[in-house]
1. Taking beta carbons within 10 Å but only from partner chains, what does the mean come to for residues A:355-364?
2. For region A:283-434, compute Rh as the Kirkwood radius over C-alpha pairs and then the Stokes-Einstein diffusion coefficient at 20 °C and 1.002 mPa s; write the answer in µm²/s, rounded to an integer.
3. Mind checking the alpha-carbon convex hull of region A:232-351 and giving the volume per residue in Å³?
4. Per residue of A:158-170, how many C-beta atoms from partner chains lie within 10 Å of its own C-beta, taken as a mean?
5. In region B:253-276, whose amide N lies under 15 Å from the spot 7 Å out along Cα-to-Cβ of B:ALA380? List them in ranges.
6. Order the peptides A:45-54, A:215-224 from the highest to the lowest mean number of other Cβ atoms within 10 Å of their residues.
7. With only alpha-carbon pairs counted, each pair once and no self-pairs, how large is the Kirkwood hydrodynamic radius of chain A in angstroms?
8. Given 37 °C and 0.692 mPa s, compute D for region A:351-434 with the Stokes-Einstein relation, Rh being the Kirkwood radius over Cα pairs; round to the nearest whole µm²/s.
Amino acid sequence: MSGTAVAAPERQNPGVRARLGDLVRVAELDGRLLGMILTLILIEVGFGIYTGGQILSPVNLLTFATQAVEIAIIATGMVLVIVSRNIDLSVGSVLAVCAMTYAVLMHEIYPTTIGVDTPYGWLLALAIGIGIGCVLGAIQGFLIAYVNIPSFVVTLGGLLAFRGLVFDISGGSTQAPDDKAFVVLGGGALGSLGGTLSWALGALLIAVILAYLTYNRRRRRKFGFPVRPLWAEVLIAIGGSLIVLGGVYVSNAYHWPRGLIQQYAAAHNISPNGLDFEAGVPWPAVILLAVTVAITFLATKRKFGRYVYAIGGNPEAAELGGINTRWTIMRIYILMGFLCAISAAIASAQINGATNDLGGGYELLVISAAVIGGTSFAGGIGTIPGAVLGAIVIYALRYNLQYIGLASNNQDIVIAIVLVLAVAFDTFSRRRAT
Amino acid sequence: MRQRLAMVAAVAALVLSACSGNGATQAPGNTSAATAGATAAASGGTAGGCLIGVSWNNYDQERWKKADEPAIKAAIAAGGGTYTSTDAHDSSDQQNKDITTLINKGVKVIILLAKDATAVTPAVQQAEAAGIQIIGYDRLIEDPKALYITFDNQKVGTIMAQVLLGVQPQGNYAVIKGDPGDPNAAFLRAGMDLGGLKDAVTSGKVKIVGEQNTPNWDTTGAKNEMQAILNANNNKVDAVLSENDGMATGVSAALQAVGLTIPLSGQDGDAAALNRVALGTQTVSVWKNAFALGETAGNAAIQLCAGTALTAVKAPSDLPAASKPADLNTHLFTTPGNNQVSSFILTPTPIQQANLGDVISAGWVTKDQVCTGVAAGKVAACG
């Protein structure tokens, strides 16, 4: 493994800062991603000190991570929307239509047809909701791509019209509860993998990381592309594995609360004394992980993703280069509808039903997550993991401020300041780098 | 929820309004029977003695068509009057135009569900100049010559605190409040203190371990707040005062996720919340009987039409006992704009497991809606 093709460029006066920068560059790490992770760590450490360590307990880390999932899932798609120089303001309303579809099916329609809590009912609801999400996305995508109406206008229309549709579907009232199997999608102790399965998932993820790094290195060498120095590969493998193991460890350190243990014991006619279950990785986190990997793959390894970034970089050149830009744009919006439907399932499961206001204001949260994560409104630039981290940073802040009991209006002030500072710092450091 | 969206839209105007309230029933038999086939805009015929116009703000909200309008119509018909109406589609501008339309139609009394307490003033003055009497319905209008008919919103908070303290006199309380910009949220909270919460805290029986406003009365937001409060207190929370049923939906989900079933309040009489009351996962949903409100307004309109002086108007004597105002006379109410307005202030009704049957028999919700998932023999109303 001596053929490291890329060496750190020589510098006249390599200070510590420059060496760190080189390190990041040589290892081909995303500086902004590292910055976001650092921000997250700073937030947690800061609040950890403030609360005497309480806020770093597993249940707190799991709670905000689970709360962030709804926004994070949609944000992965919003990156592609913004990269292609478009916008989607309708996400909250599309989410609400899908969530209300799930809840109405399970609460209103199933009792008189197939029955509640059937093994397949919730899957059928999910399929129907996802179908509706994709159709709503396709309608908007068609109007944007083929009728040439600006995406701002079309999706603003979607924001209003689909919210109105929610009231029609619900008849104006809250629909609750969902099927019991469906509620598992919302996470919490009952919606988690459990201890053993969580370790299995961790092992699988580490295997995937190692396999991917090896495969990538071989492929690059085969085509004569530069590869990372071996030490960097090893460092990334170790870092990735540690993150996975840490995540599983934290998830398993959260145990079922007493109330659930007692319910379980009562249901099984056993004594609750001595009963103890590890909660494990919450299902919403598993879903988010799958979505993040899938959309990242789509964005960076498939033709579709290349086209999206090409269109964002220069729409005319992309069109002249033979890319079917219209179909590509329409597909982005279909994907958005799909992601909203997935997110809707988690949102509905988390409140065990659906209210007419579900997803209100999500468009700004989702766009914020994408932009904080490094997506540029100028188009062409943005990463999916960045957007996911952006969502997690927002919710970490919000949750920790709620935890210490700050009034909601002052929470908004703090969050706004931190987010603007984060983006300002990033812009500043980029300017220095060039 | 519709009513919460309406709240947000009207935040600036709603000072002592009842917009969060879903209609409630317990209607006297004579009103509920006369409701079938109600339509949105009855044409303004002149049959009968008196033409009475209703200016709706947002008729598309389920409550008006379901409870308020039939009750108003029935009361007007009983008094020999004729009903006509307009809908402003949530626009102050349109509402001003609507009132002009009603004036031109020749109405004698206008029952006004105002979009905005002050923006509607030009049309109100125009109407009064034409000798028309205005009834401010459900929501306040800043006009000393109007009759104001609404529910006691502060009392809603009082009832919540009384009911919860009744079943859980001591322990850790969480308070999930509504939108920080909505005066109603603060009124409800003040009402809770009057209902004994403040005394219980002072005496040390109750400790408030978490209190948070919820922007836009958002369900998911309420759930997230409740999760933070539960985690911060190691799940040691004994009761939750939620200011409405939508937020109670989120709170209830957060409680269930950690296996807690504790006293929980709400308001609006949402079907989902009444179902939780039947299931035992919510203690009370405080309800504003919109049938009673409508009957009072329609009846007052007839009296005003017959020339009764504003201060001599009486509330109907056959209102459901739970909703009746303190007495049948009008009382002066001081508005935030420092106007003295004659008013009927009706009483909200707490709905708990024991009186769930009233809701079903009145036709506000069906037995199926309330009793889904309830084991036989557990709740009287569900059989």
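1. On the way: counts 14, 7, 13, 6, 3, 10, 5, 1, 0, 0.
Other-chain Cβ atoms within 10 Å of each residue's Cβ, averaged: 6.
2. Values: Rh = 17.6 Å.
Translational diffusion coefficient: 122 µm²/s.
3. Numbers: hull volume 18.1 nm³, N = 120.
Taking the convex hull of the Cα positions in region A:232-351, it is 151 Å³ per residue.
4. Numbers: counts 0, 0, 0, 0, 0, 1, 1, 0, 0, 6, 0, 0, 3.
Whole-number average of other-chain Cβ neighbours for A:158-170 is 1.
5. Zone members listed by number: none at all.
6. Details: A:45-54: 13.5, A:215-224: 11.3.
Ranking, from highest mean packing down: A:45-54, A:215-224.
7. Numbers: mean 1/r = 0.0428 Å⁻¹.
In chain A this quantity evaluates to 23.4 Å.
8. On the way: Rh = 14.3 Å.
My calculation gives 229 µm²/s for D.
Every number here is computed from the coordinates shown, using simple stated rules; none is lab data. The structure displayed is predicted, hence computed values, not measured ones. When we count neighbours, we look across all protein chains shown, and the Cβ atoms used for this are built from the backbone with ideal geometry, even at glycine.
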